[in-house]
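Please read the structure below before turning to the comments.
The values are calculated or read from the model by the stated rules, or taken from the named source; none is laboratory data. Keep in mind that what you see is a predicted model, and the values were worked out from it rather than measured. Methodologically, a virtual Cβ is constructed for each residue, glycine included, from the backbone with ideal geometry; neighbour enumeration extends over all protein chains shown. Heads up: the accessible areas ignore ligands, DNA and RNA and are worked out on the full protein's heavy atoms, side chains in. Shrake-Rupley method; radii C 1.70, N 1.55, O 1.52, S 1.80 Å.
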Amino acid sequence: MPTSTPLPPSGKTAETNGKKPQIWVISDGTAGMRLQAIALGEALIAADITNQTSLADIVIKPSWWLRHLPRLVPFLPKALLSPWLGSIGGRLNKDKPAIIITCGRRMAGTSIALNRLSKAYAVGTRTIHIQDPRLPPHYFDMLIVPKHDPARGANVVTSLASLNRLDMPKIADAASQLNEKWRALPAPRVAVLLGGTNQRYAISAMMAKDMAKRLADFATKTGASLALIPSRRTPANLVSQLTAALGSWPYAVMDQAENNPYPGILGLVDAVIVTSDSVNMISEATITGLPVLIVEWQSETGRIGAFHDAMMAAGHIAPMRDQLPQDGFTPLVEMPTIVKSVLARLNS
């Protein structure tokens, strides 16, 4: 991580008042979007040699107009923007954060509105938006977009995977705290990160049954024990069907009564299986350099299909087959480079 570049100042008023520069992460609470923005904010704080930067994790409910019609925001009278932003607009003028980070199309209008108000108030706040909003890049101070999306420009930084907070020291520390049920699994151990219903498709009973069979078949054909990590989106019947199919085969499954074993499980296993729906889970697993194997609910197309293709071409993931790969994959650690690029642009 860069250690020699301070964050850009947030404006003369903030400095003369002796206030610490702040990074605001603003989201609507959607976990996948919020955590990417927090990951970038934390990485920027770690790179700040002045140690004066704090992070505010702010969850709001964006107005309908900002959420659904972001293309109008650059052209509307500024007098309309403050009411649509609610209390966050007033806080901008009062607290004068150095940087505001947002993520996802639903927050693009909010980012543009705050960018315009920052200039109107002359507070010096810089806006960073993660993911391609399908809007002109100059509406933002900086965009961080996936390489498979089209946005490009002098203020655009690209990433192959989604941003996340993991690194190998964090994984190793979490692995050292895992309880015995995970450590007792015989080698080879394979983590199975289970997603589920998403914006593209719902998981039907037949899809869950088929997934359970494929994962159980994989275990018996490879001789691997399975560490099952369901998410909030995972159908309950999938876990029960999978454990029934495994029978006496060695496995362990995360339950609500225990501390979350993730991400420590990534430091214990020999390979990782991830269901195809989750860009974030796939991105996190590739940090390890372990074989990361993708099992599809259905054929993935569009942006997520392009993401899979790019990750496979770069040697970070592969489809799940009937055998365990003998070699590790290319680890993907993008955050240090992204932070360096962000700081260079913000300080230019």
Apportionment of accessible area to carbon and sulfur, the chain, percent (1.4 Å): 54 percent
Cβ-placed point charges (K, R +1; D, E -1), dipole of region 70-121 about Cα centre in debye, nearest 20: 80 debye
Cα pair distances in region 261-348, grouped into 5 Å bins until the bin that holds the longest one, percent each: 3, 13, 23, 22, 16, 11, 7, 4, 2, 0, 0
Global geometry of region 140-251, whether rounded, prolate or oblate, following the gyration tensor of its Cα atoms and the 1.5 cut on a/c: oblate
Solvent-accessible area of W65 with every protein chain in place, 1.4 Å probe, in Å² to the nearest 10: 110 Å²
Accessible heavy-atom area order of W182, W64, highest first, probe of 1.4 Å: W64, W182
nm² value of the averaged projected area, convex hull over the Cα atoms of the chain: 18.2 nm²
With DNA, RNA and ligands ignored, accessible area of Y262 (1.4 Å probe; Å², nearest 10): 50 Å²
Solvent-free Debye scattering, log10 I(q)/I(0), computed from the Cα coordinates of region 128-205 at q = 0.12, 0.26 Å⁻¹: -0.65, -1.15
Given charges at beta-carbon only (K, R positive; D, E negative), |dipole| of the chain in Debye: 1380 debye
Greater than 22 Å apart at Cα, pairs in K147/K340; K96/K119; K61/K94; K181/K209; K94/K119: K181/K209
Å² per residue, accessible surface of the chain at 1.4 Å: 45 Å²
Helix 335-346 axis, angle to the chain major axis (alpha carbon atoms, nearest 10°): 10 degrees
